[in-house]
Amino acid sequence: MVKSTFDYLFTSTEEGKEIFMGVNKNGTDVYFTIAENGNPAHEKAQRKYAKQMENARKHPKKEHWLMSKIMAEGIVTNWRGVIDDDGNEIPCTMENKVDAFNHHKKLFYAVLKESSNEENYREDDFPDDDIDDDVYEGDIDGTEKN
């Protein structure tokens, strides 16, 4: 089966894109590799924790912790430039990601925002140079201009 434009528009990838998140206390840039919200790994993590999320709805701290786990498993695939108080690099492990999202809500919401920003993940499949102007000379209803 041939893929259409719509297949690409509504398919999220797990690959992720390296996105600038700020500067650490040593003046080094911090980058997170963030996969698109709704990618297969993200959906798998959501299904994995669905029952726990349902039970945690009335417990905001537990709910946030579960959402942090889902984001750690399905959205953030790597980081660089993340350091501890002594300036040592913190490895991008599941435990470290969950800890970071739980203790730094601004970071949690910044990653969520970037993972939901479709402009981070869409390639320009239709450059302006390739548009055939002759195709668009008719009215919307398909009639020709006079």
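Every number in this text was worked out from the coordinates using simple rules, so none of it is lab data. Keep in mind that what you see is a predicted model, and the values were worked out from it rather than measured. Ideal geometry is used to build each Cβ from the backbone, glycine not excepted, and the neighbour counts take in all protein chains shown.
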Estimated vicinal HN-Hα couplings, Hz - region 115-121 in sequence order (Karplus 6.51, -1.76, 1.60; Gly, Pro = x): 5, 9, 7, 5, 5, 6, 10
Under the Karplus curve 6.51 cos²θ - 1.76 cosθ + 1.60, θ = phi - 60°, whole-Hz ³J(HN,Hα) for region 88-102, x wherever Gly or Pro sits: 7, 5, 9, x, 8, 9, 4, 4, 5, 5, 4, 4, 4, 5, 6
Long-range Cα-Cα pairs in region 31-122 (distance over 15 Å), rounded percent: 60
VAL23 versus LYS58: modelled label distance in nm, points set 7 Å from Cα along the beta carbon direction: 4.8
Total lysine pairs under 19 Å (Cα atoms) in region 30-129, excluding pairs fewer than 8 apart on one chain: 26
VAL76 long-range amide H proximity, modeled H, under 5 Å: ALA35
Sequence-distant residues sharing a close amide H with GLU18 (under 5 Å, placed H): ILE34
Exposure proxy ranking, count of Cβ atoms within 10 Å, fewest first, for ILE34, ILE70, ILE90: ILE90, ILE70, ILE34
Region 68-75 - phi-based ³J(HN,Hα) in whole Hz, Karplus 6.51/-1.76/1.60, Gly and Pro as x: 5, 5, 4, 5, 5, 7, x, 10
Amide proton proximity set for VAL30, modelled H, under 5 Å, gap of 5+: MET21, GLY22, VAL23, ASN24
